[in-house]
1. Would you mention how many residues in the range B:36-53 are within 14 Å of chain A (Cβ to nearest Cβ) and touching a Lys or Arg at 6+ places or on another chain (Cβ under 7 Å)?
2. Answer yes or no: is there a residue in the range B:43-61 that is outside any strand (DSSP E or B), out of contact with any strand residue (DSSP E or B) (no Cβ under 8 Å at 6 or more places or on another chain), open to solvent by 10 Å² or more (accessible area, probe 1.4 Å) and closer than 19 Å to B:G240 by Cβ.
3. What pairs come out if I take residues in the range B:246-261 that are within 9 Å of another protein chain (Cβ to nearest Cβ) and assigned to a loop (DSSP other than H, G, I, E, B) and pair them with residues that are more than 16 Å from ligand 2 (Cβ to nearest atom) and of a type in the set (V, I, T) whose C-beta lies under 8 Å away, six or more apart or interchain?
4. Would you check if there is a residue in the range B:224-235 being surrounded by fewer than 19 Cβ atoms within 10 Å (Cβ to Cβ), within 14 Å of ligand 1 (Cβ to nearest atom) and part of a loop (DSSP other than H, G, I, E, B)?
5. Determine, yes or no, whether A:A214 is small (G, A, S) and more than 16 Å from ligand 1 (Cβ to nearest atom).
6. Tally the residues that are in a loop (DSSP other than H, G, I, E, B) and at pLDDT 95 or above, restricting the search to the range A:109-139.
7. Given the criterion at positive phi and modelled with pLDDT of 90 or more, identify the matching residue among B:G136, B:G98, B:G118.
8. Scanning for something open to solvent by 10 Å² or more (accessible area, probe 1.4 Å) and within 22 Å of B:V142 (Cβ to Cβ), does the range B:85-105 turn up at least one residue?
Amino acid sequence: MNDQQLIKLLNKLAESYFLLAPQKLDDNLLPGYEYGIREVKNLEEIDWSGAMPYGSWKEVLLPYHERLFDIQKGRLVETKTKYPPIACLAMNILDLKALTLFEQVFANDLYYQKRRRPMLIVGYSTGLPSDYKKYKVFSHNYEENVLEHVIFDIFVSRQKNGRLKFYSGSEKGQLTLDQAGLTDYNNIEFAGPVAESGPDKTLLSIMAKMEKSANKKIWDELDKRCLACGKCVIACPTCFCFDLEDRDNSAEQSRSRRWGVCFYNDFSLVADGRKELDTVKKKIFFWYYHKLVRIPKQYSLPGCVGCGRCIKACPVGININETIKAL
Amino acid sequence: MFNIYQTQSAKIISVDFESVDTKLLRLKFLDRTRQREFDFLPGQFVQIGLPGWGECPISLASSSTQAKNYFELAIRGVGKLTNRLLELEKGDLVEVRGPYGNGFDVDLFKDKPLLLIGGGCGFVPLRPLINDYLAGQMSNTVLQIFYGCQNEENLLFKKEYHLWNRRAELNVILEKPSSKWAGQKGLITDLLKNWKITADSVAVIVGPPVMYRFVISELKKKKVQEENIYLSLERRMYCGLGVCQHCAIGPYYVCQDGPVFRWADIKGIGGVI
Ligand SMILES: Cc1cc2nc3c(=O)[nH]c(=O)nc-3n(C[C@H](O)[C@H](O)[C@H](O)COP(=O)(O)OP(=O)(O)OC[C@H]3O[C@@H](n4cnc5c(N)ncnc54)[C@H](O)[C@@H]3O)c2cc1C
Ligand code: SF4
Ligand code: SF4
Ligand code: FES
């Protein structure tokens with residue numbers, strides 16, 4: 001085992017970053033809910049098992065509620081926020097894919113960019129997790145070129161022999177590894193989010209099916225089952241819809257951004273009371289259409305990274321894998 | 001880095017009553033360079049707002065040939081923000097970002113008879129097209145305007161009809177006019193039914209969604225091609241930049257790929273009109 005090197009790295013990071021990592025919260029929680037992303041108080045608390053944390057990194061990258069402007073004397077003044085240096089530790093490959101999508105979606109977003117700049121991303125993989133099949137929506141081939149197409153600063157991979165292998169994915173990552181005294185690492189040059197051979201074939205075939213699916217009976221079935229509660233949206237690391245919201249009262253004078261939920265009635269409501277999405281069927285179709293068609297078209301990337309969080313979150317057991325099969 | 005949500009202050013330089021519930025605001029950016037560099041296409045819109053009251057999309061209503069000097073917005077009071085905007089007076093400031101959207105690609109209309117078909121307050125985005133046509137910016141052989149409205153009180157831009165009539169044909173029809181009304185009475189489709197429309201015409205439709213269905217079927221009876229039917233859609237919007245998803249229809253964003261669409265391109269998407 002060369003975990004000593006990892007500890008050296010973490011100790012170095014702790015000097016200048018707040019550390020966030022997946023942690024086991026409580027053995028008594030329902031299956032699937034035991035792991036969450038929390039601030040690391042003690043390095044032992046970090047979970048390196050590769051289990052999918054229930055909460056996602058979205059909460060760190062795109063806070064639920066974010067102040068964009070202060071209102072001063074009736075004018076909008078850009079809110080000056082101090083963005084802390086955060087090291088996001090043990091992000092798994094699927095979450096790195098979600099991050100890579102966010103980097104595209106918010107490429108021109110000042111607030112996202114300012115928040116991201118002082119962050120350090122440390123990816124981690126245990127190889128294929130034992131329950132990996134469960135998470136599989138799109139084909140992920142870990143060995144082949146995956147790391148070239150996801151964003152990270154440092155990546156740590158546990159080999160079959162139990163040893164750790166270190167990679168840098170950015171200059172910042174290299175510098176950090178050097179400063180921590182780790183010399184035995186490889187550099188991976190980011191080759192853009194999409195593979196040279198073009199977008200994933202499975203992705204394209206699912207997109208084509210989804211585009212032609214409007215009359216499939218799966219939507220009538222989901223119309224009856226789905227509660228439109230929006231828990232899947234909250235849990236999903238790639239859902240990024242948002243609202244802008246003004247507050248001007250004695251306690252708060254601001255324009256801010258907060259997560260939007262496409263299942264809620266006001267999402268598409270216009271002033272005369274009409275709604276584009278006026279049935280549960282249209283809402284859930286809209287949700288899948290965004291993930292399986294709009295995002296792939298716009299960014300050539302999957303809108304679903306196959307993390308399975310929405311499946312765990314759904315109170316009535318709606319499963320994106322089964323929906324995709326039924327298309 | 002440029003902040004895509006940063007608005008700029010614009011001063012109201014005049015306010016005109018247009019109809020019972022609509023006012024025409026003429027605006028000028030406080031920053032002179034911003035105004036000088038301001039440019040838009042007919043059919044594009046801005047996000048206009050007041051800090052504390054939010055923002056909303058409003059179509060540019062003036063001629064793009066005047067964009068360097070000022071721009072106009074015709075605003076109907078329907079809710080929290082729009083009603084507040086109508087309380088403002090000359091000299092007051094509003095916050096604006098944009099222009100957004102694709103606008104009308106007038107090159108596609110070139111050298112063809114052009115029909116502008118507007119219903120109710122949806123008529124607004126047609127005004128820049130009319131003004132640009134009158135200013136000699138467009139090469140269409142004929143410009144015919146069809147405007148359907150509830151009653152005289154709701155008609156927009158009344159003061160300009162005599163100008164429009166000089167070079168274009170304006171046909172107004174009212175659904176529930178007063179007894180004084182000497183013009184036509186009925187729905188916009190009644191107007192189209194009895195009109196000679198050539199099959200090579202380009203039609204632009206803006207109005208409430210119910211109108212679209214009937215007008216399109218009427219145009220198809222007249223053999224107007226689906227590729228030559230354009231419409232402008234209204235959806236809820238926040239970002240205006242193809243990110244927040246509120247305005248998405250099928251694979252498109254109304255804020256970015258629209259609000260102007262070719263009927264042939266969107267007719268397959270369920271529930272668009
Ligand atoms: C491309 C486009 C062009 C438009 N052009 C004009 C125009 O030229 N003149 C005009 O009077 N109106 C126009 N509208 C409609 C105008 O945007 C709405 O009437 C306005 O948003 C209502 O806001 P409110 O706060 O007064 O109403 P409320 O009902 O109080 O609205 C509350 C919130 O709902 C949202 N909302 C409600 N209705 C709409 C809507 N139709 N579109 C987008 N968001 C909405 C807004 O975010 C608003 O903050 C246009 C809409 C679009 C999409
Ligand atoms: S599996 Fe569900 S939660 Fe995970 S990325 Fe896909 S849609 Fe989102
Ligand atoms: S969590 Fe399940 S029930 Fe709730 S909105 Fe999502 S799919 Fe529907
Ligand atoms: S208004 Fe945000 S995507 Fe169109």
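1. 4
2. At the first step, the residues of the range B:43-61 found to be outside any strand (DSSP E or B) are B:43-44, B:51-53, B:61.
Still in the list and also out of contact with any strand residue (DSSP E or B) (no Cβ under 8 Å at 6 or more places or on another chain): none.
No, the conditions are met nowhere in the range B:43-61.
3. Pairs found: B:C247/B:V254; B:G250/B:I266; B:G250/B:I269; B:G250/B:V272.
4. Within the range B:224-235, the subset surrounded by fewer than 19 Cβ atoms within 10 Å (Cβ to Cβ) is B:225-227.
Checking the rest, the ones that are also within 14 Å of ligand 1 (Cβ to nearest atom) come to none.
Within the range B:224-235, none of the residues are surrounded by fewer than 19 Cβ atoms within 10 Å (Cβ to Cβ), within 14 Å of ligand 1 (Cβ to nearest atom) and part of a loop (DSSP other than H, G, I, E, B).
5. Values: small (G, A, S): yes; more than 16 Å from ligand 1 (Cβ to nearest atom): yes.
Considered against the rule, which asks whether it is small (G, A, S) and more than 16 Å from ligand 1 (Cβ to nearest atom), A:A214 comes out as yes.
6. At the first step, the residues of the range A:109-139 found to be in a loop (DSSP other than H, G, I, E, B) are A:109, A:117-119, A:126-131, A:136-139.
Subsequent filtering for residues that are at pLDDT 95 or above retains A:109, A:117-119.
Count: 4.
7. Values: B:G136 fails: modelled with pLDDT of 90 or more; B:G118 fails: at positive phi.
Result of the check over B:G136, B:G98, B:G118: B:G98.
8. The answer is yes; a qualifying residue exists.
The values are calculated or read from the model by the stated rules, or taken from the named source; none is laboratory data. Given the structure is predicted, the values throughout are model-derived calculations rather than measurements. Here the Cβ is made from the backbone with ideal geometry for all residues, glycine too, and neighbour counts use every protein chain on show. These accessible areas exclude ligands, DNA and RNA; they are computed on the full protein's heavy atoms, side chains included. Shrake-Rupley method; radii C 1.70, N 1.55, O 1.52, S 1.80 Å.
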